[in-house]
């Protein structure tokens, strides 16, 4: 009797092999994406399932973890990831064969962009799906002063500039467009995508300039900037809000750091960095604000420094400031060159 019950409790292949495809898709859509990618190799019928419209609609509606990713010259192909959902560290490595040594790295959404000056190419890749694309520089042996990589609703753009020209690559084309007689001098920081345009800060005297992705035209932002700024960084949440992070002081020394929001007409002050945190931050960057960079990540305005392994972030919804601690896998004597990125996995982000 016992053996009979055990036999009955086993999955009958005759039944499970006839399971309707829509039910199977629904069951598989609840698997963690990484687990499904491994499972896909066990069955030929699972391979096309990943990109079927019904599976995409089910799986893309489920929540993903989001990560803060760190790169450093001492571990060029090793990327520690901080899971901001679970508050845990993970690690990921890139193949040296697939992605050779790079001179610069940018990210936007689920995509990363490497610049490889030795081969005069960019490499855009999706860490999750392992898909990648190699894009030759717009001109041979290009030496650019500025690089902006930004995901758009229809793909992504790469914007590079030299002293007298600007180049724009749009993945939906896909092709480069050259703009001669390049006008404004841009800050070395990445531009941000806002209302279908790229917004940039300029070096002193500080201003904000706008590049229209459709027309290729430039214009200045009509709203003047706050007074006594020592540095300016722009941040966009990708959903219609533009922020400014800036130091306020005199003679190149920041006495405070503040966040403003652009309301369409003016910069409205949101928050000032608490004094003790401000003192720590300006001390770690040694008042060299060229080392300071900012970006948006899932409701957080992240403020970082190339010389410091921690992230200072402002949680917009709670109006609170926090430190993300040092990554435990960093070598103890790791110094300059820390670069943090926002990484929001999306299997279907196309390269």
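Where a number appears in this text, it was derived from the coordinates with a stated rule and is not lab data. Since the model is a prediction, treat every value here as computed from it, not as a measurement. No Cβ is skipped: glycine too gets one built from the backbone with ideal geometry, and neighbour counts run over all protein chains shown.
General observations
- Here the gap between residue 214 and residue 317, fully extended at 0.36 nm per residue and compared with their Cα-Cα distance, gives a gain of 33.8 nm.
- Stretch gain in nm, segment residue 241-residue 336, where the contour uses 0.36 nm per residue and the Cα spacing is subtracted: 31.0 nm
- Between residue 131 and residue 31, the simple label model (points 7 Å from Cα in the Cβ direction) yields a spacing of 2.0 nm.
- Span from the segment 230-309 Cα centroid across to the segment 330-351 one, whole angstrom: 20 Å
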